[in-house]
Structures are given as C-alpha cells and as structure tokens.
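Participant: Below you'll find the structure I mean.
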Amino acid sequence: MSRREDGPAPDQPAFAAPWQAQAFALAVALNEAGLFSWSEWAETLSRHVGRSDAADDGSDYYGHWVVALEELLSRKGVAAADEVAALARAWERAAHATPHGKPILLANDPQGGG
C-alpha cells in the first residue's frame with residue numbers, strides 16, 4: 001500500500017505543514033457549522049483528488065482540500081470565487097513583501113489588500 005492510501009508512517013506527523021492542519025480543521029468546522037454535509041464535502045473533495053492532473057504520490061492532497069473548500073464557499077454563497085482569488089493574490093503579495101522570519105500579515109500587501 002502507498003502512503004497516500006494508508007496515511008503517514010507512525011513516526012511521521014499527520015500534516016507536513018501547519019496550513020494543511022488548518023485546511024483540515026476548517027473543513028471540519030464548516031461541516032459542524034452546517035455549511036455543508038459530510039457527504040457533500042466528500043463528493044467535492046473526491047472530484048478534485050480524482051482529477052487526471054492530481055499528483056500520483058498525493059503530495060497535492062491538501063491543495064485539493066483548499067480548492068474544494070473554495071468551491072463550496074462559492075457554491076453556498078459565502079464567498080464568491082473572484083473574492084477568494086483576490087484575497088489569495090493579496091496574501092501572496094504580502095508574503096513576498098514580508099521579511100524572512102517575520103509573520104506574514106495581510107497588512108503587508110503593498111497594494112493594500114489588507
């Protein structure tokens with residue numbers, strides 16, 4: 001069995017990066033808040049994970065979580081896709097403008113996205 005199918009080795013963390021744990025927690029919290037059912041979540045995530053351009057090794061798995069969350073937020077009218085994309089671009093600009101070792105703040109967006 002591959003790591004994608006049976007999860008991380010027992011001595012490895014469940015998440016490779018903090019943002020992955022945050023994406024996981026956000027999906028759980030939005031489900032618990034009633035924004036979507038777990039079956040709706042599973043169908044949406046499965047569609048993205050099953051795309052032909054998905055990484056064979058599962059390295060993009062949590063990237064699919066983020067895309068699935070964005071899709072559901074848009075579908076449910078919580079955040080339009082263009083608003084999510086604009087905010088993502090603002091965070092990226094803020095990250096590039098933030099000195100190494102400092103926290104990334106949306107207020108650091110040189111175009112004033114925060």
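Participant: Would region 44-106 count as rounded, prolate or oblate if I go by the C-alpha gyration tensor, calling it rounded below 1.5 in a/c and otherwise prolate when a/b exceeds b/c, oblate otherwise?
Facilitator: Here region 44-106 falls in the oblate category.
Participant: Stretched out fully, how many nm does the piece from Ala25 to Leu106 gain, at 0.36 nm a residue minus the Cα gap?
Facilitator: 27.0 nm
Participant: Count the net charge of all other residues whose Cβ sits under 15 Å from the Cβ of Leu72, scoring Lys and Arg as +1 and Asp and Glu as -1.
Facilitator: -3
Participant: Here's something else I'd like to know. Taking the Cα atoms only, what angle lies between the long axis of helix 61-75 and the longest principal axis of the chain, rounded to 10 degrees?
Facilitator: 70
Participant: Now a separate question. If you take every residue apart from Leu35 with its C-beta less than 15 Å away from the C-beta of Leu35, what net charge results, scoring Lys and Arg +1 and Asp and Glu -1? Could the numbers behind the result be given before it?
Facilitator: On the way: positive: Arg75, Lys76; negative: Glu32, Glu40, Glu43, Glu70, Glu71.
My count for the surroundings of Leu35 gives -3.
Participant: Return the whole-Å distance between the Cα centroid of region 95-109 and the Cα centroid of region 24-78.
Facilitator: Taking the Cα centre of region 24-78 as reference, the centre of region 95-109 is 27 Å away.
Participant: Now, a different point. Which value, in debye to the nearest 20, describes the size of the charge dipole of region 17-79 about its Cα centre when Lys and Arg Cβ atoms bear +1, Asp and Glu Cβ atoms bear -1, and nothing else is charged?
Facilitator: Dipole of region 17-79, to the nearest 20 debye: 220 debye.
Participant: Along the charge dipole of the chain, which of Trp38, His64, Leu105 sits closest to the positive end, that is, farthest toward it, with unit charges on the beta carbon of Lys, Arg, Asp and Glu (+1, +1, -1, -1)?
Facilitator: The residue sitting most towards the positive pole is Leu105.
Participant: Sticking with this structure for a sec: With an 8 Å Cα cut-off and a minimum separation of 6 or more residues, compute the relative contact order for the chain in percent.
Facilitator: About 16 percent, as a whole number.
Participant: What angle do you read, to the nearest 10 degrees and between 0 and 90, between the alpha-carbon axis of helix 38-49 and the longest principal axis of the chain?
Facilitator: Helix 38-49 and the main axis of the chain meet at about 80 degrees.
Participant: How far is helix 18-32 tilted off the main Cα axis of the chain, in degrees rounded to 10, range 0 to 90?
Facilitator: Between the helix axis and the principal axis of the chain, the angle is about 70 degrees.
FYI, it's all coordinate maths here, none of it is from the lab. Being a predicted model, the structure only gives us computed values, none of them experimental. Glycine gets a Cβ as well: all are built from the backbone with ideal geometry, and neighbour counts include every protein chain shown.
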